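See below for the structure under consideration.
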2 protein chains.
Amino acid sequence: MSDQNPLAKSLQLLWEGLPDPEKGPKPKLRLEQIVAAGIELADSEGLEALSMRRLAQNLGVGTMSLYRYVPSKTELLNLMLDAVVGPSPSRFSATDRGWREFLTTTAHEGRRLYLEHPWTLQANWTRPVLGPNSVADMELFMSGLLDLPLKDREKMSLATALDSYVLGAVRQELLWLNAAAESGMTDEEFWTHQLPTLERAMASGKFPAMAALGDDTFDSSWDETFDLGLQLFLDGLESKIQRRKGTANRPDQAR
Amino acid sequence: MSDQNPLAKSLQLLWEGLPDPEKGPKPKLRLEQIVAAGIELADSEGLEALSMRRLAQNLGVGTMSLYRYVPSKTELLNLMLDAVVGPSPSRFSATDRGWREFLTTTAHEGRRLYLEHPWTLQANWTRPVLGPNSVADMELFMSGLLDLPLKDREKMSLATALDSYVLGAVRQELLWLNAAAESGMTDEEFWTHQLPTLERAMASGKFPAMAALGDDTFDSSWDETFDLGLQLFLDGLESKIQRRKGTANRPDQAR
DNA sequence: GAGTACGCTGTACGCCGTACGGTGCACGCA
DNA sequence: TGCGTGCACCGTACGGCGTACAGCGTACTC
């Protein structure tokens, strides 16, 4: 039952929190405070600013005190991650407006979440955490797709695939946003600096297809690009569903 | 011309390499050696093993010597990234087998690349680099899609969206692979440890849709999931193309 | 042969995560 | 009531990191 395994410890922390002790002096902090402070710091100053020292300072305690609550920084990140994901009201209300609306909302909400907490795309590298909020998220997803003529297994793949797209798209978006910010230039200056190099490359004749591109080729906004990909994805799902409905009217007969 | 800007320096390094000097003693190393050694180290031992000290040791030089070639570790990562991307022979040969085949190959090659060099998904956080290989990659993409009834701008969005999907998918895949590896368990043990927690969650009644899922819901392989999402994406594109062809037969009339 | 530009590198600084062990609080029990 | 004990707090220290800096020696130009 009480497992030595660090994974078990991690899961316990996620699902049950810390057991509150009876014997010693009262803890100054609560676990949630630490997690919340971590999220705030990472949101406002970036993941690289989130050190245990900084965090402890912000909370007004000694650095090592944090380790009374959290076994390691990695585990803290897992807790932060699970705290930040989870269903939103608008996704709940979208469940009964058809699968397409539901998936669109899910994707947009996902994008918003990642954009608000960019560190989620850098931090969760260590482990995909099955915390209560992640599971609630999956639950909502599955219930929004209940009457689709897809096997459970396909729905799960669909969930993963859609999340993959959202995740990848935001990652690229953030990459460019960061690039400009970090170099201390505006987006425009940033491009202006790259242009001469690119134009020289185009002039070299090595890239004919690139050289022939229209002037506005690179003008797409991130919103636009995101929606284009999402539409393709949903259109593809739509035609898959139509095909299924054509060949069978009972979902479980689906190929 | 000679710009103080660090970005300019970075671009110069990418496109022109280091100017070879005439005056002083001969350099022990060449830039490409450093980049290659960096890639090898990151591939074999992970990005976290790639420190300037380790790298210098592997190359048989003092740590600070590396800074004669590369202004910072960040810049080194950019060089490594551009060195690793770029068109592959199989993608070249796929250009004349129709857009669907071409995009499928592109996506699979992309996945393979990311899986072979997992650090690309952790490292390029700092800047999207427009190096010669990245541009060659774009060139190939554009020339594979030449006769599609899409505007250049849409093609570019398409490239981004497809790459987003691939990138996100591999990232998730690696997440899980790493999770098992890092905890020192096999994939199976890893799941076995999570199961009790999940089953307790299911039994709580809070997750009816999850609880009702079939036994094989989570059995999809990564290959399977990746292909499912890719098919949806391509099917969506296919119907978009069909729609275009129905309403116009000149590409530039496309909505 | 002298001057000099430049490659190489040892040392050091200020960060990081965290192991360890001392200090003192507050509760359970005698 | 007094005490034993288990726990919270946290100062110190260790081994890593990226890299600034300055001294040293080389190999070219004139």
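The values are calculated or read from the model by the stated rules, or taken from the named source; none is laboratory data. Everything quoted here is computed from the prediction, not taken from an experiment. No Cβ is skipped: glycine too gets one built from the backbone with ideal geometry, and neighbour counts run over all protein chains shown. These area figures cover heavy atoms from the full protein model, side chains too; ligands, DNA and RNA do not enter into them. Shrake-Rupley method; radii C 1.70, N 1.55, O 1.52, S 1.80 Å.
A few comments on the model shown:
- Screening the candidates A:R171, A:R244, A:R153 for the property of being in the same structural domain as A:L121 (by TED's automatic domain parsing), free of Cβ contacts under 8 Å to residues at least 12 places away in the same chain and not hydrophobic (A, V, I, L, M, F, W, C) yields one hit, A:R153.
- Residue satisfying all of: in the range A:25-49; more than 18 Å from A:L13 (Cβ to Cβ) and not in a helix (DSSP H, G or I); farthest from DNA strand C (Cβ to nearest atom) among these: A:G46
- For the range B:62-107, filtered to residues that are outside any helix (DSSP H, G or I) and closer than 18 Å to B:L14 by Cβ, the residue that is nearest to DNA strand C (Cβ to nearest atom) is B:Y69.
- Filter result (near DNA strand D (Cβ under 8 Å from one of its atoms), open to solvent by 60 Å² or more (accessible area, probe 1.4 Å) and touching a helix residue (DSSP H, G or I) at 6+ places or on another chain (Cβ under 7 Å)) within the range B:56-81: B:P71, B:K73
- Restricting B:L11, B:L18, B:L50 to those that are more than 11 Å from DNA strand D (Cβ to nearest atom) and in contact with a Leu (Cβ under 7 Å, 6 or more places away or on another chain) reduces the list to B:L18.
- Listing of helices (runs of 4 or more DSSP H) fully contained in the range A:108-207 that carry 2 or more residues being among the basic types (K, R): A:152-182
- Only one entry of A:S143, A:S157, A:S164 meets the criterion of being open to solvent by less than 30 Å² (accessible area, probe 1.4 Å), more than 16 Å from the chain's Cα centre (by Cα), among the polar types (S, T, N, Q) and at the interface with chain B (Cβ under 9 Å from one of its Cβ atoms), and that entry is A:S157.
- Per-region count, the range A:174-201, residues open to solvent by less than 60 Å² (accessible area, probe 1.4 Å) and more than 9 Å from chain B (Cβ to nearest Cβ): 1
- Which listed residue is open to solvent by less than 30 Å² (accessible area, probe 1.4 Å), touching a Gly at 6+ places or on another chain (Cβ under 8 Å) and of a type outside the set (D, E), from A:L130, A:L31, A:L121: A:L31
- Taking the criterion of being touching a residue at least 60 places away in the same chain (Cβ under 8 Å), of a type in the set (K, R) and surrounded by fewer than 20 Cβ atoms within 10 Å (Cβ to Cβ), the only residue of the range B:82-118 that qualifies is B:R100.
- From A:L158, A:L162, A:L148, A:L232, residue being in the same structural domain as A:P118 (by TED's automatic domain parsing), within 22 Å of B:A169 (Cβ to Cβ) and free of Cβ contacts under 8 Å to residues at least 40 places away in the same chain: A:L232
- Scanning the range A:17-71 for residues that are of a type in the set (V, I, T) and closer than 20 Å to A:L121 by Cβ gives A:V35, A:I39.
- In the range B:19-30, the residues that are more than 14 Å from chain A (Cβ to nearest Cβ) form Cβ pairs under 7 Å with partners that are within 6 Å of DNA strand C (Cβ to nearest atom), at six or more places apart or across chains, as follows: B:K28/B:V61; B:L29/B:V61.
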